[in-house]
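**Student:** Structure provided below as C-alpha coordinates; questions to follow.
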Amino acid sequence: MLRLQDRLVYLAHGDGLGPGDNGYKVLKQILRAPWAIAAYRAIHPDLGIPFARRVSGYSHKRTESRERVLDRILRGVVAPRIRGEVTAMVMGHVHEPAHIRGNGRDFVLLGDWMDQMTHARMEGGRFTLYQLDGTGHRPLPSEPFPA
(Lines give C-alpha, C1' and ligand atoms only; values in the text may rest on other atoms or scores of the structure.)
Protein backbone atom coordinates (compact mmCIF):
# COMPACT_ATOMS: atom_id res chain seq x y z
CA MET A 1 0.00 0.00 0.00
CA LEU A 2 1.09 3.50 -0.73
CA ARG A 3 -0.31 6.91 0.13
CA LEU A 4 -0.70 8.85 -3.12
CA GLN A 5 -2.32 12.28 -3.40
CA ASP A 6 -4.13 11.88 -0.05
CA ARG A 7 -5.44 8.41 -0.94
CA LEU A 8 -4.31 5.05 0.37
CA VAL A 9 -3.80 2.88 -2.73
CA TYR A 10 -3.24 -0.88 -2.80
CA LEU A 11 -0.72 -1.65 -5.56
CA ALA A 12 -0.37 -5.23 -6.77
CA HIS A 13 1.02 -7.15 -9.69
CA GLY A 14 -1.96 -9.47 -9.31
CA ASP A 15 -0.07 -12.70 -9.84
CA GLY A 16 -1.68 -15.43 -7.72
CA LEU A 17 -4.04 -13.15 -5.81
CA GLY A 18 -7.47 -14.47 -4.96
CA PRO A 19 -9.20 -17.76 -5.63
CA GLY A 20 -9.21 -19.65 -8.90
CA ASP A 21 -6.68 -19.74 -11.75
CA ASN A 22 -5.35 -22.98 -10.27
CA GLY A 23 -3.76 -24.17 -13.51
CA TYR A 24 -1.69 -21.00 -13.68
CA LYS A 25 -0.71 -21.27 -10.01
CA VAL A 26 0.56 -24.83 -10.53
CA LEU A 27 2.44 -23.84 -13.71
CA LYS A 28 4.02 -20.91 -11.85
CA GLN A 29 5.28 -23.20 -9.07
CA ILE A 30 6.80 -25.56 -11.62
CA LEU A 31 8.46 -22.81 -13.67
CA ARG A 32 9.95 -21.17 -10.57
CA ALA A 33 11.34 -24.39 -9.11
CA PRO A 34 15.17 -24.45 -8.93
CA TRP A 35 15.38 -27.59 -11.09
CA ALA A 36 13.22 -25.97 -13.83
CA ILE A 37 15.33 -22.80 -13.78
CA ALA A 38 18.53 -24.88 -14.06
CA ALA A 39 17.06 -26.90 -16.95
CA TYR A 40 16.02 -23.72 -18.78
CA ARG A 41 19.50 -22.24 -18.38
CA ALA A 42 20.95 -25.36 -20.00
CA ILE A 43 18.86 -24.85 -23.16
CA HIS A 44 20.35 -22.79 -26.00
CA PRO A 45 18.59 -19.39 -26.39
CA ASP A 46 17.47 -20.30 -29.92
CA LEU A 47 15.25 -22.95 -28.31
CA GLY A 48 14.67 -21.39 -24.89
CA ILE A 49 13.27 -18.05 -26.04
CA PRO A 50 10.56 -19.54 -28.33
CA PHE A 51 9.68 -21.99 -25.55
CA ALA A 52 9.31 -19.14 -23.01
CA ARG A 53 7.13 -17.15 -25.43
CA ARG A 54 4.90 -20.17 -26.01
CA VAL A 55 4.46 -20.77 -22.27
CA SER A 56 3.78 -17.07 -21.72
CA GLY A 57 1.20 -17.14 -24.53
CA TYR A 58 -0.76 -19.86 -22.74
CA SER A 59 -1.15 -17.68 -19.66
CA HIS A 60 -2.36 -14.74 -21.76
CA LYS A 61 -5.07 -16.68 -23.60
CA ARG A 62 -8.56 -15.90 -22.44
CA THR A 63 -10.55 -18.92 -21.42
CA GLU A 64 -13.32 -16.90 -19.73
CA SER A 65 -15.34 -13.90 -20.83
CA ARG A 66 -14.14 -10.46 -19.79
CA GLU A 67 -17.22 -10.00 -17.60
CA ARG A 68 -16.66 -13.27 -15.78
CA VAL A 69 -12.97 -12.55 -15.18
CA LEU A 70 -13.75 -9.04 -13.91
CA ASP A 71 -16.50 -10.34 -11.64
CA ARG A 72 -14.17 -12.97 -10.17
CA ILE A 73 -11.42 -10.38 -9.63
CA LEU A 74 -13.78 -7.82 -8.09
CA ARG A 75 -15.24 -10.36 -5.63
CA GLY A 76 -12.15 -12.39 -4.80
CA VAL A 77 -9.31 -9.89 -5.07
CA VAL A 78 -10.57 -6.30 -4.92
CA ALA A 79 -13.41 -6.46 -2.37
CA PRO A 80 -11.21 -7.82 0.46
CA ARG A 81 -8.58 -5.12 -0.18
CA ILE A 82 -10.56 -1.93 -0.85
CA ARG A 83 -12.05 -1.25 2.54
CA GLY A 84 -11.63 1.20 5.34
CA GLU A 85 -9.00 3.78 4.51
CA VAL A 86 -7.93 1.97 1.31
CA THR A 87 -9.99 3.57 -1.47
CA ALA A 88 -8.18 2.35 -4.57
CA MET A 89 -6.40 -0.65 -6.03
CA VAL A 90 -4.15 -0.70 -9.10
CA MET A 91 -3.28 -4.10 -10.53
CA GLY A 92 -1.66 -5.66 -13.57
CA HIS A 93 -1.18 -9.29 -14.62
CA VAL A 94 -4.54 -9.82 -16.33
CA HIS A 95 -3.70 -8.04 -19.63
CA GLU A 96 -7.26 -6.67 -19.85
CA PRO A 97 -7.65 -2.93 -19.21
CA ALA A 98 -10.54 -1.82 -16.99
CA HIS A 99 -11.34 1.07 -14.70
CA ILE A 100 -14.11 0.43 -12.21
CA ARG A 101 -15.18 3.54 -10.27
CA GLY A 102 -17.86 4.40 -7.75
CA ASN A 103 -18.62 5.49 -4.18
CA GLY A 104 -15.19 7.08 -3.82
CA ARG A 105 -13.46 3.83 -4.81
CA ASP A 106 -11.34 2.96 -7.84
CA PHE A 107 -10.07 -0.29 -9.26
CA VAL A 108 -7.65 0.08 -12.17
CA LEU A 109 -6.65 -2.99 -14.14
CA LEU A 110 -3.73 -1.73 -16.21
CA GLY A 111 -3.98 -4.02 -19.23
CA ASP A 112 -0.59 -4.09 -20.94
CA TRP A 113 1.74 -1.73 -22.71
CA MET A 114 3.08 -4.12 -25.37
CA ASP A 115 -0.17 -5.06 -27.12
CA GLN A 116 -2.88 -2.63 -25.97
CA MET A 117 -0.62 0.28 -25.04
CA THR A 118 -2.61 1.15 -21.93
CA HIS A 119 -1.48 2.99 -18.82
CA ALA A 120 -3.01 4.86 -15.90
CA ARG A 121 -2.43 8.30 -14.46
CA MET A 122 -3.46 9.77 -11.15
CA GLU A 123 -3.99 13.50 -11.10
CA GLY A 124 -5.60 15.40 -8.23
CA GLY A 125 -6.42 12.10 -6.52
CA ARG A 126 -8.37 10.89 -9.56
CA PHE A 127 -7.40 7.90 -11.72
CA THR A 128 -7.76 7.80 -15.49
CA LEU A 129 -6.93 4.84 -17.73
CA TYR A 130 -5.44 5.77 -21.12
CA GLN A 131 -4.68 4.04 -24.39
CA LEU A 132 -2.08 5.23 -26.87
CA ASP A 133 -3.38 5.27 -30.43
CA GLY A 134 -2.60 7.15 -33.64
CA THR A 135 -3.96 10.41 -32.21
CA GLY A 136 -2.19 10.26 -28.84
CA HIS A 137 -3.19 9.19 -25.35
CA ARG A 138 -6.97 8.89 -25.23
CA PRO A 139 -8.83 8.27 -21.96
CA LEU A 140 -10.77 5.02 -21.70
CA PRO A 141 -14.22 5.10 -20.09
CA SER A 142 -14.67 3.90 -16.53
CA GLU A 143 -17.35 1.44 -15.52
CA PRO A 144 -19.41 1.44 -12.30
CA PHE A 145 -18.80 -1.08 -9.55
CA PRO A 146 -21.41 -3.83 -9.85
CA ALA A 147 -24.22 -3.71 -7.32
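The values are calculated or read from the model by the stated rules, or taken from the named source; none is laboratory data. All values reported here derive from a predicted model rather than from experimental measurement. Glycine gets a Cβ as well: all are built from the backbone with ideal geometry, and neighbour counts include every protein chain shown.
**Student:** Among the residues of the range 104-147, count how many are in a strand (DSSP E or B) and either under 15 Å from residue 71 (Cα atoms) or touching a strand residue (DSSP E or B) at 6+ places or on another chain (Cβ under 7 Å) (or both).
**Tutor:** 21
**Student:** Among 101, 72, which is surrounded by 17 or more Cβ atoms within 10 Å (Cβ to Cβ), among the charged types (D, E, K, R) and either under 20 Å from residue 13 (Cβ atoms) or in contact with a strand residue (DSSP E or B) (Cβ under 9 Å, 6 or more places away or on another chain) (or both)?
**Tutor:** Among 101, 72, only 101 is surrounded by 17 or more Cβ atoms within 10 Å (Cβ to Cβ), among the charged types (D, E, K, R) and either under 20 Å from residue 13 (Cβ atoms) or in contact with a strand residue (DSSP E or B) (Cβ under 9 Å, 6 or more places away or on another chain) (or both).
**Student:** Please work out which residue is surrounded by the fewest Cβ atoms within 10 Å (Cβ to Cβ), limiting yourself to the range 5-30 and to residues that are hydrophobic (A, V, I, L, M, F, W, C) and either modelled with pLDDT of 95 or more or under 19 Å from the mean Cα position of the chain (by Cα) (or both).
**Tutor:** Filtering the range 5-30 for residues that are hydrophobic (A, V, I, L, M, F, W, C) and either modelled with pLDDT of 95 or more or under 19 Å from the mean Cα position of the chain (by Cα) (or both), the one surrounded by the fewest Cβ atoms within 10 Å (Cβ to Cβ) comes out as 26.
**Student:** Still on this structure, please answer the following. Yes or no: the range 75-92 includes at least one residue that is part of a strand (DSSP E or B) and among the acidic types (Asp, Glu).
**Tutor:** No: zero hits.
**Student:** Next question. Which one of 50, 139, 45, 146 is free of Cβ contacts under 8 Å to residues at least 40 places away in the same chain, surrounded by fewer than 13 Cβ atoms within 10 Å (Cβ to Cβ) and touching a Leu at 6+ places or on another chain (Cβ under 8 Å)?
**Tutor:** None of the other options fit; the residue is 139.
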